[in-house]
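> The structure is given below, and queries will be raised subsequently.
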Amino acid sequence: MQNRFCCGLVAVLAVLAVLLPVQAMAQVVECTPARGLKPIMATHTIPPYPDVSVMTSEQGTVLLGVVIGKDGMPGDVQIEQSSGSLRLDITARDHVKANWRWEPMAEACHTKVSMRFDVHDRQPGDRWSPIIRPGIADYPPQSLKAGEQGDSIVMILLGQDGTILKVGPTGHGSGYPALDAKSEELAKTLRLKPATMDGKPVFTVVTVDFRWVLPAK
């Protein structure tokens, strides 16, 4: 009987842990222009598309509930409707909380933010990547003959065990198809370690810059 009571209490507490933030948010008045709601547009930026989501074609629309404090800061941001991807949901939530701002108001209020992720809209951004300089032996014969050179940045998706799950272009190619194709081929032979979270390996995206340079004559 005692065990059943404890299990029931744990279940109730778990439900309350989920409901209480939502209930607290519901008690705050709705934001309206009449209440002084004025977004600082320069802060209302779009979050970077997670690289793993790009490679796995995750997309969708997430609906966030945002409590805006008197100071115009988002005090509480909750995921009210998922995009279908927890990774995209968290990206949107964290970005709004860290970046979005409003003009100060007389009282705190609650508003909703809808954020759409479409993998086709994603633009590759600049990033730091480790550099690998392939040797002459790795050069495609036609590229060597034509004197082709350049940087080809390749994206690699690692599994939790370090297995290379997928290799693909980032949009930053060398301008020469043969060099880009060879870069992806070489990327598949690399041995890389996934990142860790709370001491456990997680799916990781790594970008590697293959710098093709011919020796000076």
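> Only residues that are assigned to a loop (DSSP other than H, G, I, E, B), among the charged types (D, E, K, R) and more than 20 Å from the chain's Cα centre (by Cα): list them for region 189-217, please. Break it down into steps so the answer makes sense when it comes.
Residues of region 189-217 that are assigned to a loop (DSSP other than H, G, I, E, B), as a first pass: 189-195, 198-199, 202-203, 213-217.
Okay, now just the ones that are also among the charged types (D, E, K, R), so 191, 193, 198, 217.
191, 217, listed by residue number.
> Shifting gears a bit: From (1) surrounded by 11 or more Cβ atoms within 10 Å (Cβ to Cβ); (2) modelled with pLDDT of 90 or more; (3) not aliphatic (A, V, I, L, M), pick out the condition that doesn't hold for residue 160.
(2)
> Going through region 85-101 one residue at a time, which ones are over 18 Å from residue 54 (Cβ atoms) and not in a helix (DSSP H, G or I)?
At the first step, the residues of region 85-101 found to be over 18 Å from residue 54 (Cβ atoms) are 93, 96-101.
Selection gives 100, 101.
> Restricting attention to region 43-64, report how many residues are of a type in the set (A, V, I, L, M, F, W, C) and at pLDDT 85 or above.
Step one: of region 43-64, the residues of a type in the set (A, V, I, L, M, F, W, C) are 46, 52, 54-55, 62-64.
Then keep just the ones that are at pLDDT 85 or above; that gives 62-64.
Within region 43-64, residues that are of a type in the set (A, V, I, L, M, F, W, C) and at pLDDT 85 or above number 3.
> Which residue out of 72, 36 is more than 20 Å from the chain's Cα centre (by Cα) and at pLDDT 85 or above? Write out each step before concluding.
Details: 36 fails: at pLDDT 85 or above.
The conditions single out 72.
> Go through the residues of region 126-135 one by one and say whether even a single one is touching a helix residue (DSSP H, G or I) at 6+ places or on another chain (Cβ under 9 Å), surrounded by 18 or more Cβ atoms within 10 Å (Cβ to Cβ) and not charged (D, E, K, R).
Checked against the condition, which is being touching a helix residue (DSSP H, G or I) at 6+ places or on another chain (Cβ under 9 Å), surrounded by 18 or more Cβ atoms within 10 Å (Cβ to Cβ) and not charged (D, E, K, R), region 126-135 yields no hits at all.
> Would you say residue 71 is touching a residue at least 60 places away in the same chain (Cβ under 8 Å) and out of contact with any helix residue (DSSP H, G or I) (no Cβ under 9 Å at 6 or more places or on another chain)?
no
> Restricting region 41-57 to residues that are among the β-branched types (Val, Ile, Thr) and surrounded by 12 or more Cβ atoms within 10 Å (Cβ to Cβ), which is nearest to residue 118 (Cα to Cα)?
54
> Output the number of residues of region 53-69 satisfying the condition of being assigned to a loop (DSSP other than H, G, I, E, B) and under 22 Å from the mean Cα position of the chain (by Cα).
4
> Given the conditions (1) surrounded by 15 or more Cβ atoms within 10 Å (Cβ to Cβ); (2) outside any loop (DSSP other than H, G, I, E, B); (3) not hydrophobic (A, V, I, L, M, F, W, C), and given that residue 166 satisfies all but one, which numbered condition is not satisfied?
Single failed check for residue 166: (1).
The values are calculated or read from the model by the stated rules, or taken from the named source; none is laboratory data. Here the structure is a predicted model, which means the values were calculated and not measured. Cβ: placed from backbone, ideal geometry, glycine included. Neighbour counts: every protein chain shown.
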